C-alpha cells in the first residue's frame, strides 16, 4: 500500500468515525481531561508483567534519553534498558524514537 493510499484510507476512516460520533469535521473534538495528580505505579495482576517506558528530551543539545523496565507482580525487575539518542529536534520525535 502506498503512502497516498494509506492517507486516503485514514481520512476515510476518520470521516466515518466523526460521522458516527456526530462530530463536524471542521471542529476539533473536546480536549481530554488531564488528571493533575500523578498516578503511582501499580503492580500487575499475579502471573502478569508490566512494562513502563519513559523519555526525556533536551532542546539545547537536541538529545533525548529513553528507558524501559519490565516488572512482575512482586515488583521484581525482570529486564530493563536505556539509551541516548542525538540529533532529536523535538519532543514528539523523542517519543517516536524511544
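The values are calculated or read from the model by the stated rules, or taken from the named source; none is laboratory data. It should be emphasised that the depicted structure is a prediction, and the values quoted were computed from it without experimental measurement. When we count neighbours, we look across all protein chains shown, and the Cβ atoms used for this are built from the backbone with ideal geometry, even at glycine.
Yes or no: the range 62-73 includes at least one residue that is at pLDDT 85 or above and loosely packed, with under 13 Cβ neighbours inside 10 Å. No: the range 62-73 contains no residue that is at pLDDT 85 or above and loosely packed, with under 13 Cβ neighbours inside 10 Å. Filtered by the rule that a residue be surrounded by 11 or more Cβ atoms within 10 Å (Cβ to Cβ) and either touching a residue at least 40 places away in the same chain (Cβ under 8 Å) or under 17 Å from the mean Cα position of the chain (by Cα) (or both), the range 84-95 gives 88, 90, 91, 93, 94, 95.
Of all residues in the range 9-20, none that is touching a residue at least 60 places away in the same chain (Cβ under 8 Å) has its Cβ atom under 6 Å from the Cβ atom of a residue that is surrounded by 10 or more Cβ atoms within 10 Å (Cβ to Cβ) and assigned to a helix (DSSP H, G or I), 6 or more apart or on another chain.
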